Amino acid sequence: TVWILAVVVVDVIVMAIAVGIGYALISGAPIQIEDGTVVEIRLRGPLDELPQENVLAQLLGVDSLSLWEMGKVLQYAARDERVAGVYLEIHPLLLSWAQIEELRDYMKEFRQSEKPLHVFLALDMVRDPELYLAAAADSITLNPDAGLLVNGLLAEVTFYKKTMEKLGIKPEFIQFKEYKSAESYSRESMTPEIRGMYESILEDIEGRLVSVVAQDRNVSEESIREVLQGGVSSGTRAVEKNLIDGLGYENEVLERFPTRESEKYRGITASSYLSVAKAEFQTRSEHKVALVGGLGTITSGDSDPFSETMGGMTLASNLRKIRENEDLEGVIFRVDSPGGSAVGSDMIWKEVALLEEADKPVVVAMSGVAGSGGYYIS
């Protein structure tokens, strides 16, 4: 057993060294930002709320940025005289509507610098979330072979009552009020309360989607509703409806950015730009505030660094250290959690209350969901 553990430890150390050497080789020469540089942002899949704290996770995600860091990139680029504009390439997204809203705010803030922000939609079918995000840009270009699957929002619940009956299983659950559960194992359809809840949420988000895209693209809400009713739209029809500006390719989008005569296009990835710009533009103040993530399912024990699990013991301990640290004057608490353990939630809630009593204000910024225990700790 000792030899096996020793071999495992050595393997982990060798892997860490190899990843570090690989990162050093990839990094190459020091990065320089020249006049007329375009910052290139490529979004695909999910997006972490905050920067990774785990060292191994940082090494494995060399070129990935969190939502917080994406905001910094756009804020710094707006103030940086060397930056000519931002190129945003959108692939299929797995973002919450709250994350998309926040990215849109950063994009709008950048555009106030009067620098161009052009979007290229690099996906086969553009869905509602991708269009909603892209609408905040100066221009939107779609590949000629792509289309739009902008057809409104829906929510689905799967019911297993008949399956349980066929298997001879009688489910027994504790019910926490009518809005807590869809009763998937004991019913064949939604309760009026659950159906009403989903309808309220969907109508709210879809209503905002329609009104905001209509305003951004300078079209009527009726026109957007027609697209939703139609379901699938071709790229040509999307241009006719003014949902996008044109059909084209990546190189054609890059050619829109201003460059001086006899100079070629200069691009820099968002992560490379941030590594240089943060030393020049990050805010320095004598007042220090802690940024804390309350992310994932809440448990009563320790947080898991490799998954979004919020351990009550871990987070309570971190908040206690902040309360005892005289250099920290408050907390920004980023919450994205469906809830979980009542005990873990109560541990965190108590430390938030003690911070307030110690005259260290806690400001909560909710992301995709602050449900149950996630709302309780907020």
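The values are calculated or read from the model by the stated rules, or taken from the named source; none is laboratory data. Note that the structure is a prediction, hence the values are computed from the model and not measured. Glycine also receives a Cβ, built like all others from the backbone with ideal geometry; neighbour counts cover every protein chain displayed. SASA here: full protein model, heavy atoms, side chains in, ligands and nucleic acids out. Shrake-Rupley method; radii C 1.70, N 1.55, O 1.52, S 1.80 Å.
Could you tell me the relative contact order of the chain? Use alpha-carbon pairs under 8 Å, at least six residues apart, and round to a whole percent. Let's see the in-between values first.
Values: 602 pairs, mean separation 56.6, N = 378.
Result for the chain is 15 percent.
Residue by residue through segment 178-188, what is 3J(HN,Hα) from phi via Karplus (6.51 cos²θ - 1.76 cosθ + 1.60, θ = phi - 60°)? Round to whole Hz and write x for glycine and proline.
After applying 6.51 cos²θ - 1.76 cosθ + 1.60, I find 6, 9, 7, 8, 7, 6, 4, 9, 10, 10, 9 Hz.
Within straight cross-link reach of Lys162, meaning Cα distance under 26 Å, which lysines are found once same-chain residues fewer than 8 apart are removed?
Lys170, Lys177, Lys180
Which lysines have a Cα less than 23 Å from the Cα of Lys72, not counting those fewer than 8 places away in the same chain?
Counting by Cα, and skipping residues close in sequence, Lys72 has these lysines nearby: Lys108, Lys115, Lys278, Lys288.
Please list the non-local residues whose amide H lies under 5 Å from the amide H of Ala84, H modeled 1.01 Å from N, same-chain partners needing a gap of 5 or more.
Here the answer is Gly36, Thr37, Val38, Val39, since their amide H atoms fall under 5 Å of that of Ala84.
Please list, in chain and number order, the residues 5+ apart from Val150 or on another chain whose amide H is under 5 Å from its amide H, with Hs placed from the backbone.
Under 5 Å from the amide H of Val150 lie the amide H atoms of Ser233, each far enough along the sequence or on another chain.
Sort out for me the Cα centre separation of segment 334-378 from segment 248-295, rounded to whole Å.
32
For the full complex of protein chains and a 1.4 angstrom probe, list Val239, Val150 by accessible area with the highest value first.
On the way: Val239 55, Val150 10 Å².
The ordering from most to least exposed comes out as Val239, Val150.
For the chain, what are the DSSP H helices with axial Cα length of 27 Å or more and mean Kyte-Doolittle hydropathy of at least 0.5? Spell out each step's value before the answer.
Working: long enough: 2-27 (37 Å, 2.52); 192-217 (37 Å, -0.23).
Helix filter hits for the chain: 2-27.
So, for the chain, what is the accessible surface per residue at a probe of 1.4 Å, expressed in square angstrom? Numbers along the way, then the final one.
Values: 21620 Å² over 378 residues.
Ligands and nucleic acids excluded, the result is 57 Å² per residue.
With only Lys, Arg, Asp and Glu charged, each at its Cβ (+1 for the first two, -1 for the last two), find how big the charge dipole of the chain is about the Cα centre; round to the nearest 20 debye.
Details: 36 positive and 59 negative charges, 99 e Å.
That gives the chain a dipole magnitude of about 480 debye.
Only four residue types carry charge here, +1 at the Cβ of Lys and Arg and -1 at the Cβ of Asp and Glu. Report the dipole size of segment 326-378 about the Cα centre in Debye, rounded to the nearest 20.
On the way: 3 positive and 9 negative charges, 69 e Å.
Dipole about the Cα centre, nearest 20: 340 debye.
Return the sequence-ordered ³J(HN,Hα) values of segment 246-252 in whole Hz as given by the Karplus equation 6.51 cos²θ - 1.76 cosθ + 1.60 applied to θ = phi - 60°, using x for Gly and Pro.
x, 9, x, 10, 4, 4, 6
Quote the accessible area belonging to Met107 in square angstrom, nearest 10, computed with a 1.4 Å probe and with ligands, DNA and RNA left uncounted.
Taking all protein chains as shown, Met107 has close to 10 Å².
Let me know the shape class of the chain, please: from the alpha-carbon gyration tensor, a ≥ b ≥ c as square roots of the eigenvalues, rounded when a/c is under 1.5, otherwise prolate if a/b is greater than b/c, or oblate. Write down the numbers at each step before the final one.
Details: a/c = 1.66, a/b = 1.11, b/c = 1.50.
It is oblate, given that a/c is not under 1.5 and a/b is not larger than b/c.
Can you list the HN-Hα couplings for segment 137-150, worked out from phi with the Karplus curve (6.51, -1.76, 1.60; θ = phi - 60°), rounded to whole Hz and with x for Gly and Pro?
8, 6, 8, 10, 10, 10, 4, x, 8, 8, x, 10, 10, 9
Carbon and sulfur: what percent of the chain's accessible surface (1.4 Å probe)? Don't jump to the answer; show the numbers that get you there.
On the way: 11460 of 21620 Å².
Answer for the chain: carbon and sulfur cover 53 percent of the accessible area.
Once amide H atoms are built 1.01 Å from N in the peptide plane, which residues 5 or more positions from Gly330, or in another chain, come under 5 Å H to H?
Ala290
Work out the charge dipole of the chain with +1 on the Cβ of Lys and Arg and -1 on the Cβ of Asp and Glu about the Cα centre, then indicate which of Val150, Ile13, Met70 is farthest towards its positive end.
Toward the positive end, the furthest listed residue is Ile13.
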